[in-house]
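Colleague: Encoded as structure tokens, here's the structure I'll be asking about.
The values are calculated or read from the model by the stated rules, or taken from the named source; none is laboratory data. Keep in mind that this is a model prediction, so the values were computed, not measured. As a convention, Cβ positions derive from the backbone with ideal geometry for all residues, glycine included, and neighbour counts pool all protein chains shown.
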Amino acid sequence: MKQPVTIPFEGNSARSDRKGARVGAIKGRNRPRAVAETIKEWIIANGLMPGDRLPQEHQLIERLEVSKGTIREALKVMEAQGLIRTRTGPGGGAFITEVSADHATALLANHFFFKEVSIGHIYELRIALEPQLVQELAPRITDAQIAELRGVMSAYTEPPTSIEEERRQRVAELEFHEVLSRYSKNAVLGFFCGFLARLLKDLAVCKRIYNQPNPELRERGVSYQAQLIEAFEARDAEAAGAVMDVHMRAAKRMMLEREAEIEKGFLDTDT
């Protein structure tokens, strides 16, 4: 097991010396957030990693020349951001953690909570990004990863027997794409592909679409994903990219058609 490393908060790197490790003179800003940013810069400058321990509270107070309350609020900010976790008792303290993709996705999704996000907006990006994702993945995908994708597909290869199962199957189809995103060696590309699938699951109009029988959407989706797995088994990047491009364009068309039908149904009900 990796033992936690604690590096004295002395600002002994070139970057720390330039930036300084003091925020006592900062005015007109949210001081706890300013302290949190200074600590994050120090973490990067000293090359600390998940599992390493931050200096003790009294060391942070002395070095940053701020109050105990400010330090504690700064650590709460970092904990809310998913960057540290605190432990009490012997051997306790504040430990650096890696922000999980789920946590980062949830935070980013909150940014769009009150914004107008449409099916069209999401699929414009999916069409641009997902073919690139699978092209990059195809030559190096492992048999174990292909087996995992087949396992995900097993949840929706048979027609649903209820509306609830219909909804679960549509969500599982999106999970197929989230699994793909985790395989990418391009962390930025993988994150955003997974995030777009998450947005679709959370979009109100998509929830309404997924709660209605839609045999064509299911059958076409299963067919495209099966073709994609065939391309993966052949380690054929060009074929994988082509299948995903057609898949995303067809899904966009069908989802927009279903959205229009739902909106028309609401209008007909109101008249």
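Colleague: Here's a check for you: in segment 176-217, which residue that is under 16 Å from A109 (Cα atoms) and among the acidic types (D, E) is surrounded by the fewest Cβ atoms within 10 Å (Cβ to Cβ)?
Modeller: Result: D202.
Colleague: Another question, if that's okay. Take the conditions touching a strand residue (DSSP E or B) at 6+ places or on another chain (Cβ under 8 Å) and either at pLDDT below 90 or crowded, with 16+ Cβ neighbours inside 10 Å (or both) and apply them to T70. Does it pass? Steps first, please.
Modeller: Numbers: touching a strand residue (DSSP E or B) at 6+ places or on another chain (Cβ under 8 Å): no; either at pLDDT below 90 or crowded, with 16+ Cβ neighbours inside 10 Å (or both): yes.
Judged against the criteria, T70 is not a match.
Colleague: What number of residues within segment 46-82 are touching a residue at least 40 places away in the same chain (Cβ under 8 Å) and part of a helix (DSSP H, G or I)?
Modeller: 9
Colleague: Which residues, counting only those in segment 219-233, are surrounded by fewer than 16 Cβ atoms within 10 Å (Cβ to Cβ) and touching a residue at least 24 places away in the same chain (Cβ under 8 Å)?
Modeller: Restricting attention to segment 219-233, the residues satisfying the condition of being surrounded by fewer than 16 Cβ atoms within 10 Å (Cβ to Cβ) are 219, 223, 226, 230, 233.
A226, E233, listed by residue number.
Colleague: Let me ask something else. Taking R150 as the residue in question, decide whether it is closer than 20 Å to E130 by Cα, exposed (fewer than 15 other Cβ atoms within 10 Å of the Cβ) and either over 23 Å from the mean Cα position of the chain (by Cα) or not assigned by TED's automatic domain parsing to the domain that holds L256 (or both). Explain how you work it out, then say what you get.
Modeller: On the way: closer than 20 Å to E130 by Cα: yes; exposed (fewer than 15 other Cβ atoms within 10 Å of the Cβ): yes; either over 23 Å from the mean Cα position of the chain (by Cα) or not assigned by TED's automatic domain parsing to the domain that holds L256 (or both): no.
So R150 does not fit the description; no.
Colleague: Another question about this same structure. How many of the residues in segment 83-120 are part of a strand (DSSP E or B) and either hydroxyl-bearing (S, T, Y) or over 22 Å from A36 (Cα atoms) (or both)? Can you show your working first?
Modeller: Residues of segment 83-120 that are part of a strand (DSSP E or B), as a first pass: 84-87, 93-96.
In the following step, the residues that additionally are either hydroxyl-bearing (S, T, Y) or over 22 Å from A36 (Cα atoms) (or both) were identified as 86.
Residues flagged as part of a strand (DSSP E or B) and either hydroxyl-bearing (S, T, Y) or over 22 Å from A36 (Cα atoms) (or both) within segment 83-120 amount to 1.
Residues checked against (1) in the same structural domain as E238 (by TED's automatic domain parsing); (2) of a type outside the set (A, V, I, L, M, F, W, C):
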site	(1), (2)
L48	no, no
Q59	no, yes
L64	no, no
G69	no, yes
R85	no, yes
T88	no, yes
A109	yes, no
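Colleague: Among the residues of segment 121-142, which ones are loosely packed, with under 12 Cβ neighbours inside 10 Å and not in a helix (DSSP H, G or I)?
Modeller: The answer is T142, and nothing else.
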